[in-house]
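The values are calculated or read from the model by the stated rules, or taken from the named source; none is laboratory data. Worth saying up front: this structure is predicted, and the values here are computed from it rather than measured. Glycine also receives a Cβ, built like all others from the backbone with ideal geometry; neighbour counts cover every protein chain displayed.
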Amino acid sequence: MTTWSKTSGQNFTPFAHIYAGLTTIRLLKYLSWTIPAVISGVFSGSLIYRRFKTREYIRIFLVVLILMGVMMIRSALAV
């Protein structure tokens, strides 16, 4: 495959999503609400990473990830 054939379809993907009805005004509104949270999460994560040693940071990250998984399982079972 040529470089052009690999990347040419990517230029039209947003238009295909809009045409198929996958991208709506509601979706764009939700996206605009989440962007500040994502940016602040990345910023605070980098600050926390600088304060702790790598091993401690990985431990904290894994504990938070496990807690999030437990919360997701609990919310799924609460239905």
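Here are a few things to note about the model shown:
- Within region 28-57, the residues that satisfy the criterion of being modelled with pLDDT under 90 and surrounded by 11 or more Cβ atoms within 10 Å (Cβ to Cβ) are G45, I48, Y49, F52, Y57.
- Remark: T34 falls outside the filter, which requires a residue to be of a type in the set (S, T, Y), within 18 Å of the chain's Cα centre (by Cα) and not in a helix (DSSP H, G or I).
- Cβ-Cβ distances below 6 Å connect the following pairs, each with a first residue in region 53-79 that is without any contact (Cβ under 8 Å) to a residue 24 or more places away in the chain, a second residue that is aromatic (F, W, Y), and a separation of six or more residues or different chains: Y57/Y49.
- Qualifying residues in region 10-27 (those that are assigned to a helix (DSSP H, G or I) and either among the small types (G, A, S) or within 30 Å of V64 (Cβ to Cβ) (or both)) - the one modelled with the lowest pLDDT: A16
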